[in-house]
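Right, one structure below, let's go through it.
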Amino acid sequence: METSADHTDTNRSQPSPSKKPTRRQVFRATLGTAALLGLYTWRVEPHWIEIVRRTLPINHLPSTLQGVTLVQLSDLHIGPQVDDAYLLHAMELVGELNPDIIVYTGDFVSHHSDLDGNVAKVIPKLAHGRLGTIGVLGNHDYGPGFQDHSFADRVVAMASDAGIAILRNELASIEGLNIVGVDEVWVNRCRPQDVLPSLATDQPALVLLHNPDGADLPLWEPSRGWILSGHTHGGQCKPPFLPPPIVPVRNRRYTSGEFDLGDGRHMYINRGLGHLLRVRFNARPEITMFTLVSKS
């Protein structure tokens, strides 16, 4: 006679096979991941500002400039593609840093911007340094085709009225720190040779240059200091552990961050705040906060 104790439940003793996801489930998961990534690159990272803090070693820096703070801002692209409220928020962040000096390394506006529209409203609200505020022009500041000099002159006038001194192959000094502002490469106005010979080799100095390609031109003797640049936006979209696929420079190693130029010069490329197309991935918009130190 068979009892319940003698009976073996074969269905219970064997684990049920795991179910493999169907093609439809895989497709839905992939679609959902792509949608989240697209939302992030469009709505989150373009406005997720990173404040990068660095020291900036300067040759022959006097003790009075030791510890002075300098903020670099670049590529604001004031215009229809960049939210005014976002840029004004960025200026608030800069104000909280209370920098001694602020430098703007070009592309205040986009080439198709209406200078009488939101540009006229935003430029007067740009941040200023406690000791001084200096900038240079970028290719977009020269308007449609990057060759409209009257457009550039208007940008210069608006910036000057807002308290920002624009240097076009010129030199300015703030508390003994010499700042050389070089004009735009794409307009064939990059002429550091017009300014550098007037600098004594024992004077503390740095250079503002929008397009880092200009650093490769044979025009830099006897410069041996720092160049602060922008223009690249860090590529805007950068795969992890790989260089960005699109960078608007001839020398494709110039993406973002610090570069040793191999002749005593160093260059720092800021990723910028604005954009032409609202998309960023692994290349957050940047405010760079430098602390000046004496180069040993």
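The values are calculated or read from the model by the stated rules, or taken from the named source; none is laboratory data. Only a predicted model underlies this, so the values are computations on that prediction, with no experimental measurement involved. No Cβ is skipped: glycine too gets one built from the backbone with ideal geometry, and neighbour counts run over all protein chains shown.
So the values come out like this:
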| quantity | calculated |
| --- | --- |
| Hey, D83 at pLDDT 95 or above, on the phi > 0 side of the Ramachandran plot and not hydrophobic (A, V, I, L, M, F, W, C) or not | no |
| Evaluation of R191 against (1) modelled with pLDDT of 95 or more; (2) crowded, with 21+ Cβ neighbours inside 10 Å (one fails), failing number | (2) |
| Candidates L76, L87, filtered to the one that is under 21 Å from S256 (Cα atoms), touching a residue at least 60 places away in the same chain (Cβ under 8 Å) and in contact with a Phe, Trp or Tyr (Cβ under 7 Å, 6 or more places away or on another chain) | L76 |
| Failed condition for S110, given (1) surrounded by fewer than 19 Cβ atoms within 10 Å (Cβ to Cβ); (2) more than 14 Å from the chain's Cα centre (by Cα) | (1) |
| Test: residue in region 196-206 that is free of Cβ contacts under 8 Å to residues at least 40 places away in the same chain and under 25 Å from H111 (Cα atoms) | no |
| Residue count, region 234-263 (criterion: within 19 Å of R54 (Cβ to Cβ) and out of contact with any helix residue (DSSP H, G or I) (no Cβ under 8 Å at 6 or more places or on another chain)) | 4 |
| Residues (touching a Phe, Trp or Tyr at 6+ places or on another chain (Cβ under 8 Å) and under 20 Å from H233 (Cβ atoms)) located in region 124-143 | L126, G135, V136, L137, G138, N139, H140, D141, Y142, G143 |
| Region 192-233, residues that are in contact with a helix residue (DSSP H, G or I) (Cβ under 6 Å, 6 or more places away or on another chain) and aliphatic (A, V, I, L, M) | L219, I227 |
| Selected residue [among the acidic types (D, E) and within 22 Å of H266 (Cα to Cα)] from D84, D116, D75 | D75 |
| Selected residue (criterion: surrounded by the most Cβ atoms within 10 Å (Cβ to Cβ)) from residues of region 276-296 that are among the hydrophobic types (A, V, I, L, M, F, W, C) and not in a strand (DSSP E or B) | A283 |
| Any strands (runs of 3 or more DSSP E) falling wholly within region 91-199 and containing at least 2 residues that are hydrophobic (A, V, I, L, M, F, W, C) and farther than 20 Å from G274 by Cα | 170-174, 177-182 |
| Residue in region 65-93 that is nearest to V122 (Cα to Cα), counting only those that are β-branched (V, I, T) and crowded, with 21+ Cβ neighbours inside 10 Å | I78 |
| In region 217-243, the residues that are over 15 Å from V180 (Cα atoms) and either of a type in the set (A, V, I, L, M) or surrounded by 15 or more Cβ atoms within 10 Å (Cβ to Cβ) (or both) | L217, G230, H231, T232, H233, G234, G235, Q236, C237, K238, L242 |
| Residue check, L208 modelled with pLDDT of 95 or more, more than 14 Å from T255 (Cα to Cα), in contact with a strand residue (DSSP E or B) (Cβ under 6 Å, 6 or more places away or on another chain) and assigned to a strand (DSSP E or B) | yes |
